[in-house]
Structure formats: structure tokens, C-alpha cells
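Input: a single structure, listed below in C-alpha cells.
Quick note: the coordinates plus some simple rules give every number you see, no bench work behind them. The structure presented is a predicted model; accordingly, all values stated were derived computationally and were not measured. Every residue, glycine as well, gets a Cβ built from its backbone with ideal geometry; the counts of neighbours run over all protein chains shown.
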Amino acid sequence: MERGGVVSGGFHQNYILYPSRAAAFTTRLHYPFSSIRNSPSSSLRIRHSPCSISSSFIIHEVSRNRCDAVSSNSYSTDVTEFAEIEIDWDKIDFGFKPTDYMYSMKCSRGGDFSNGQLQPFGNIEVNPSAAVLNYGQGLFEGLKAYRKQDGNILLFRPEENAIRMRNGADRMCMPSPTVQQFVEAVKTTVLANKRWIPPPGKGSLYIRPLLMGTGAVLGLAPAPEYTFLIFVSPVGNYFKEGVAPINLIVENEFHRATPGGTGGVKTIGNYAAVLKAQSIAKAKGYSDVLYLDCVHNRYLEEVSSCNIFIVKDNVISTPEIKGTILPGITRKSIIEVARSLGFKVEERNVTVDELVEADEVFCTGTAVVLSPVGSITYKSQRFSYGEDGFGTVSKQLYTSLTSLQMGLTEDNMNWTVQLS
Ligand code: PMP
């Protein structure tokens, strides 16, 4: 095992560098790749540290529950030697799976983020009076890394997530990492967890950046301290239907956002607020909920975690961005791809009545990619849109988008960032 030289609290000592699995240290690791598949033992002994950590990692504090490391971005991801279980990449779903490292960076109110560092993945300590816990002062992002056939790794438009986080931070009175800091932190975290990126075509590594008011407050006010954190998890399809069409129900009672509210930013509170409607819909067998605007109860907004598009006579329409729906990066990309393919795309008010006449309906999002909608139920009426699979237009858009995301096209529109 590798050992790190510790400089902590004024004494020097060698400590073993372990990745943390949740709060407790363990000497066993999950090993996702197939070279151990035929191992006679399901619980292999560790022969090396999880990443061949170079000397640029220095542990500066070790306790039973904590192990921090600083990094200068130079580390090897040659990690093929040990494991506890394997992931069956053919069965991977969209669930959380712990990986080796997370990234953390702090900042005080009015200050700048600095000294970001990788640390073993594990629980974090938060003051019970933290603004994020008491007042929901928090944002999150979501993006994906794909593994290409040639072994390189691609990120899809990470700077767009950075910009969206900065816009959200402004709305939530939080400081935010610069676009460059955000993108570099994402790259560092992905490379440190490279072994968890599914093989080409089997899924992706979902990247979850968080921005939280972690400083303690009691009276309602912005937190005195902020934490930017990134963790990752290998994922497969978001909906259990896979790329098969999903079935939505239009929500009449609950609303996701209000004009002047926070619907247009990715704040954590937006998501807790829709759990109720989503669980009721799922209990009735629907895949998810389609929200209407809260003023007229008439215009389409979006689904719990994706944007919505309708196609009628080869014209593609989607609700316009005006503060109550999330400006999806996949939405933006699909609009650009569709226009480049010659489709007319309209961003406008789309009424619920238009669902009756639509030829195709589909949803877009980082997690769902492009998901065809098979049916939408509105006030007990069910409208169907070819429940067998993609429609002609959505299939074309799906193929173009995923080819770009997975680096299968010559012209990547400058949308992908390659890591190797
Ligand atoms: N709407 C909501 C409410 C979302 O949470 C998401 C996921 N981020 C989207 C739309 C799609 O956005 P993106 O394409 O950037 O993932």
C-alpha cells in the first residue's frame, strides 16, 4: 500500500492513504472493471492504493472519520488491482454509487473560492445551523462524462453548467467558483475517478457539483461560509423505461415554480417541492409529472427534471425561458442541433391543448438525454404518441445529440472537452 507523509498539527508521521467509503474507513474497494470477473474470491485483497497517488497528494489530516488530501491535478489513474464487488455494466441504473474521490473548495461570504482539493469520498461534517440545512441556501448541477472507444473521456459543455451555477448563485446570494475553476474541478474529479466511468455505450459518469451555504446562521441571512463540492457516480438510464417512451401525467394541483420565484435556477428547494406530485404520479404508474404554469394553469412548463418539446408538422416547439423553467443545457443543445438539421424551432408559450394534436413529444435533460414520450394524461384523457419508440424527428435528434456527446462526429461543435 502507498503511504503518504503527513504534516499535521506539527508532527510528522507516515499514514496510509485510504479512500473513505462513507464515514468509515475500509480496506476494501469496489472494483468496476472486468479483469477481476473470474477471480475466485469475491472479496479481493488490496494490493495497491485505489489510485496510484503521486507525491503531489499529501494527507494533512487523518482520523477515523476523515482523510483529506491535497492535489495538484497530477495523479495516475492506474487502478486496476483491487476490488470488493464488480458492477454489472449491462445492468447499471440511475442510482447513487460511491466512488473514490470527491472535490471540495471553500469560500467565505464576500470572498473568492480557492485551494480546491480532492479528498477521499465520504460523509462531510456540516454545522447544524448551516444555511443550506435551515434555509435551503444551496444549488446543484448535473453533467456527464463519457468514455470513448479510444479510451479518451469526454465532458459535454461543462462551461454551460458553470455559467448556470453562477447565475443561480447570484439569485441565491452565494459566491460561486469561476467558470475556469468549475471546469478544472470537474476535470480533476473525473480523472481521479476514471475507473468508475462505464465502458463505451454502457452508461456515463454522472457528475454532481454542489454549492452550499455551510456557514452557521440563525437569523435569516446569507451564510458566512460556502462549500463547493463535486462527487460522481456511474449511471445508466434515468427512466426505468430506458429509451422506451415514458408516460407523463399533467399536474393540475401542484406547481413547480412561480413568476419571480426560483424555478429558473437549480436550487435544491425546487426539487423537494415536487417530490409529492412525483410520488403520487409514480404510485399511479406514470413515469413523471408535466407541470403547467401557475398563473393560467394552461401553458406547459417542464417535467420534474427535464424540459419538454412537442413536434407538429415538423415544427418543433418548446416553452420559452422566462424564469419559471430551468434553462436546460440539453434543451439549448437540441434547439441548436435541430436548427442545424433544418428544422424550424419555436420557443414560445405552448398550451396544454396542443398536446392533443402533437405528432411527437419528447423530454430533454442531462440525466434523461432525449426521452420519447409515449403518452400524456391530462384530466383523465390520455393522448398517445407512438408508444413503440422514438418518433421520426426525435430519433433524428437523439442520434445527432448522442453522436456529439460520445465524440462520434467529426464536427463536435466545440461542445465536448476531451480528457485522457
Ligand atoms: N428542468 C429541470 C427542472 C431539471 O432539473 C433539469 C436537469 N438539470 C432540466 C430541466 C434539464 O437540464 P439539463 O439539460 O441542463 O440537464
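Observations on the model:
- Cross-link reach is defined here as a Cα-Cα straight distance under 17 Å, omitting same-chain residues fewer than 8 places apart; for residue 276 the aspartates and glutamates meeting it are 251, 253, 288, 302.
- Packing here is the average count of other Cβ atoms within 10 Å per residue, and on that basis the peptides 254-266, 156-168, highest first, run 156-168, 254-266.
- The range 346-408: C-alpha pair distances exceeding 17 Å, %: 47 percent
- Surface/4 of the Cα convex hull for the range 273-420, nm²: 10.1 nm²
- Subtracting the Cα-Cα distance of residue 344 and residue 133 from their residue separation scaled by 0.36 nm leaves 71.5 nm.
- Sequence ranges 360-368, 295-303, ranked by mean other-Cβ count within 10 angstrom, highest first: 360-368, 295-303
- Protection proxy ranking of 139-152, 276-289, 379-392, by the mean of other Cβ atoms within 10 Å over each peptide's residues and highest first, is 139-152, 276-289, 379-392.
- Residues of type lysines that residue 194 reaches as a straight line, Cα spacing below 29 Å, ignoring anything fewer than 8 places off in the same chain: 91, 97, 106, 144, 148, 202, 240, 266, 332
- A straight Cα-to-Cα reach below 17 Å connects residue 395 with the aspartates and glutamates 241, 313, 336, 359, 360, 387, residues fewer than 8 places away in its own chain not being considered.
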